[in-house]
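Please treat every number below as a calculation from the coordinates, not as lab data. Bear in mind the structure is a predicted one, so any value in this text is a computation, not a measurement. In this analysis, Cβ positions are derived from the backbone assuming ideal geometry, glycine residues included, and neighbour counts consider all displayed protein chains.
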Amino acid sequence: MRRVALLVVALAAVYFSGSGYLLNLFVVTALFALPALGLSLLMGYTGQISLGHAAFVGLGAYGSAILCKSLGLNPWLALLAAVAATTAIAWVIGWLVFRLRGHHLAMATLAFGIIVHVATVEMKGLTGGQDGLSGIAPLSIFGFELGTDAAIFPFAWLACVAAILVAENLVRSPAGLTMRAVAENEAVAASVGIAPDALKRRIMAISGCYAGVGGAIYAHYLGYISPGPFDVGFSVRLLLMVALGGFAGIWNVLFGVLFVVVTSEVLKPFGRFDVVIYGVLLVIVMIYCPRGLLDGLQTAARALARRLSSAAGGRGS
Amino acid sequence: MTELAQYVASGLVVGAIYGLIAIGFTAVYNVTGIVNFAQGEFAMLGALGAIGLLAAGVPLPAAVILAALAIGLLGVLIEWLAIRPAGPDVLRGIIITIGVGVSLQGVAVLVWGTDAHPLPAFSGEKPIDLGGVTVPPQALWVVGTAAALMCGLYLFFTRTYLGKAFRACALNAFAASLMGIPTAAMRALSFFVSGLVGAIAGIIVAPIALMQYDSGIFLGIKGFVACIIGGFGNPIGAALGGLALGLLEALATGYLSSGYKNAIAFVVLLAFLFARPGGILGELEEVRR
């Protein structure tokens, strides 16, 4: 609870700092944090890889935009319906893919991600193809439109903090323990009365729900979506965020998201260097900091401090 | 009838490429237990590398050989830098090879940009007429090279001392190491073979299909599907699986619609994963619970 309070204070400081740039950066962070948290629940806590998570974000975004534009639904209603649909689709995908594990699961989820991306490009009548959909109505509260950074900021972070609280509760609940049991050893988990497949499907649905919320808010906030941001590259970036956070650890994942958002800002002037950096970073983190970047840096700092103190002690004697 | 023969011919050409990439997957998987998600990037980099060398004034045969060897060595380097320190964990292995693949793609964008690049055909563009079926001369190069390479690899693995040591390592790395086989060297060799074969596949198909920075991922997935069809870890199955996938794709493209071409591979992938994950020829390791 203290962490949530600290987060709220930090967010308030950002909000009232008056810096439009900072505000935008944090809105982006919140929108990335939602799918990343979902992926962390699936990968970190339940031990199931997904290389197609960008697809759920895309489904949320396109679902909400299409419902809003073609059926003329109220943006809030469209958002809810799209998130519900994404959750249901995630459950069905889970029902399909969790017959597999390891490499096969990874490849099946990757294929799912590519199929959805190709579909958003090819189904021109519905999605507008490469040109995308524009003119998506913003969300509004009492006639006040949430179309700008300053307006969407409180709502995006409200959703994000709610997601954090739900995830924390879930992880601490008995269900959270069964998730970790499944991640550790499925056979053992099954032998003590856990149904691993049903659990995985449920976590996949929650994970898809998180991603769908992020995507739907993104669509109404920008007012324009195209297939580009929901490609395999985005799935890999989500993977990187979760890996930087050490997979399991709600707050560490939030740090991973912030780290990727900030580095992509820093790397912007260097053009397309960011992809190489992301790839190399993913490899380095996986090899040297399996518990996340923060933990890796802490360990390195402690080792360095020990070496320095022993060197100083050696000189003293 | 001619139509069917034409589809079969083009299917076999593409299938030979998928088969080669699938063999690359198999070589690495059998020795290290890792599915190299960067496998397709080897083909892409091989092709773009040959194109770059050609543009730098290197004659075509030398450019092809140099590019293929360079990618083989790149494979060894990747094994040494990224795969070996990671240990045997499957999830880590997957994520690391994905990281490697993304980096290679990023490097390709930096060096060659996002445009597609052509490689001139090895022996002219004049189509050859084979009893009513016309094929570009490059198609013969593809099929011939693939067949020669597959036979060469088969002889290497079954007739040479090094190949036998390699296979011993694939069957049981621990037992092989007790017999004095340097397993670390065999791991490096597996990545060299996989890089070399992948690069050659990319180079020989480049004159028919344009290559760009993101061509690798599709080639990689098709190669993986070929492995699934043939049974993962089975090199002969991988080659046959590649041919089968190429044929299926060509027939579906011809009789249904070209828009479905990529979808076919995924449908086959899903169908096999769910119905027969051990492939047609069976698998070395059980994948299903």
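How far, in degrees from 0 to 90, does helix A:102-122 lean away from the longest principal axis of the Cα atoms of chain A, to the nearest 10?
The answer is roughly 30 degrees.
Residue by residue, what Karplus-based ³J(HN,Hα) values in Hz, rounded to whole numbers, does region A:239-250 have, using 6.51, -1.76 and 1.60 with θ = phi - 60° and x for Gly and Pro?
The phi angles translate into 4, 4, 4, 5, 5, 4, x, x, 6, 9, x, 4 Hz.
Treating only the Cβ atoms of Lys and Arg (+1) and Asp and Glu (-1) as charged, compute the dipole magnitude of the protein assembly as shown about its Cα centre; round to the nearest 20 debye. Kindly include the intermediate steps, with their values, before the conclusion.
On the way: 31 positive and 24 negative charges, 315 e Å.
In debye, rounded to 20, the protein assembly as shown gives about 1520.
Identify, among B:Leu130, B:Ala147, B:Thr2, the residue whose Cα sits farthest towards the positive end of the charge dipole of chain B, taking +1 on the Cβ of Lys and Arg and -1 on the Cβ of Asp and Glu, with the dipole about the Cα centre.
B:Ala147
Using a 7 Å offset from the Cα along the Cα-to-Cβ direction at both B:Leu4 and B:Leu69, what is the distance between the two label points in nm, to one decimal?
With each label point 7 Å from Cα toward Cβ, the separation is 4.7 nm.
Which one, A:Ala12, A:Ala85, A:Gly129, projects farthest toward the positive side of the charge dipole computed for region A:1-136 from Cβ point charges (K/R +1, D/E -1)?
A:Ala12
For chain B, modelled as a Gaussian network with Cα springs under 10 Å, which listed residue fluctuates most, B:Phe272, B:Phe122, B:Phe192?
Highest fluctuation of the listed residues: B:Phe122.
What is the helix-to-structure angle for B:137-159, meaning the angle in degrees between its Cα long axis and the longest Cα principal axis of chain B, kept from 0 to 90 and rounded to the nearest 10?
20
Taking a 31 Å limit on the Cα-Cα distance, which of the listed pairs A:Lys268/B:Lys222; A:Lys200/B:Lys222; B:Lys164/B:Lys222 fall beyond it? Before the final figure, lay out each step's value.
On the way: A:Lys268/B:Lys222 33 Å; A:Lys200/B:Lys222 28 Å; B:Lys164/B:Lys222 28 Å.
Exceeds cut-off: A:Lys268/B:Lys222.
Averaged across A:235-246, how many Cβ atoms of other chains sit within 10 Å of each residue's Cβ atom? Show your work: numbers first, answer last.
Working: counts 1, 6, 1, 0, 5, 4, 0, 1, 4, 0, 0, 0.
Mean shielding count: 2.
Nothing charged except the Cβ atoms of Lys and Arg (+1) and of Asp and Glu (-1): what's the magnitude of the dipole of region A:2-232 about its Cα centre? Round to the nearest 20 debye.
460
In whole Hz, with x marking every Gly and Pro, tabulate ³J(HN,Hα) for region A:158-175 from phi via Karplus 6.51 cos²θ - 1.76 cosθ + 1.60, θ = phi - 60°.
Rounded to whole hertz, the list is 4, 4, 5, 5, 4, 5, 4, 5, 4, 4, 4, 4, 4, 5, 7, 6, x, 4.
Calculated from DSSP H runs of 4 or more alone, at -39500 (n - 2.57) each and per residue, what is the 222 nm mean residue ellipticity of the protein assembly as shown, nearest 500? Walk me through the intermediate numbers first.
On the way: 25 runs with 445 residues, N = 606.
Taken over the protein assembly as shown, the calculation gives -25000 deg cm²/dmol.
Putting +1 on Lys and Arg Cβ atoms and -1 on Asp and Glu Cβ atoms, find which of A:Pro138, A:Leu293, A:Gly94 reaches farthest to the positive end of the dipole of chain A.
Selected residue: A:Leu293.
Could you rank the peptides A:169-180, B:9-20, A:78-89, B:124-135 by their average count of other C-beta atoms within 10 Å per residue, with the highest value first? Mind dumping the intermediate values first?
Values: A:169-180: 15.2, B:9-20: 25.3, A:78-89: 20.9, B:124-135: 11.7.
Per-residue Cβ counts within 10 Å, averaged per peptide and sorted highest first, yield B:9-20, A:78-89, A:169-180, B:124-135.
For chain B, modelled as a Gaussian network with Cα springs under 10 Å, which listed residue fluctuates most, B:Leu91, B:Leu243, B:Leu140?
B:Leu91
Let me see the P(r) profile for region A:2-232: every Cα-Cα distance counted, bins of 5 Å, each bin given as a percent of all pairs.
1, 7, 14, 18, 18, 15, 12, 8, 5, 2, 0, 0
Which residue, B:Ile78, B:Ile208, B:Ile95, has the most motion in a Gaussian network model of chain B that connects Cα atoms within less than 10 Å?
Maximum among the listed residues: B:Ile95.
Helix B:39-55: angle to the longest alpha-carbon principal axis of chain B, degrees 0 to 90, nearest 10?
Its long axis makes an angle of about 60 degrees.
Residue by residue through B:34-45, how many Cβ atoms from other chains fall within 10 Å of the Cβ on average? Provide the component values of the computation, followed by the final result.
Numbers: counts 1, 5, 1, 5, 1, 0, 0, 0, 0, 0, 0, 0.
Mean partner shielding for this stretch: 1.
Residues of A:114-125, mean number of Cβ from any other protein chain within 10 Å of their own Cβ, rounded to a whole number? Please report the intermediate quantities before stating the final value.
On the way: counts 7, 5, 0, 0, 4, 1, 0, 0, 3, 0, 0, 0.
Per-residue shielding by partner chains comes out at 2.
What is the magnitude of the charge dipole of chain B about its Cα centre, with +1 placed on the Cβ of each Lys and Arg, -1 on the Cβ of each Asp and Glu, and no other charges, expressed in debye to the nearest 20? Numbers along the way, then the final one.
Numbers: 12 positive and 12 negative charges, 125 e Å.
Here chain B has a charge dipole of around 600 debye.
Need one number for region B:2-275: average projected area of the convex hull over its C-alpha atoms, nm². Intermediate results must be reported in sequence, preceding the final value.
On the way: hull surface 59.7 nm².
Result: a mean projected hull area of 14.9 nm².
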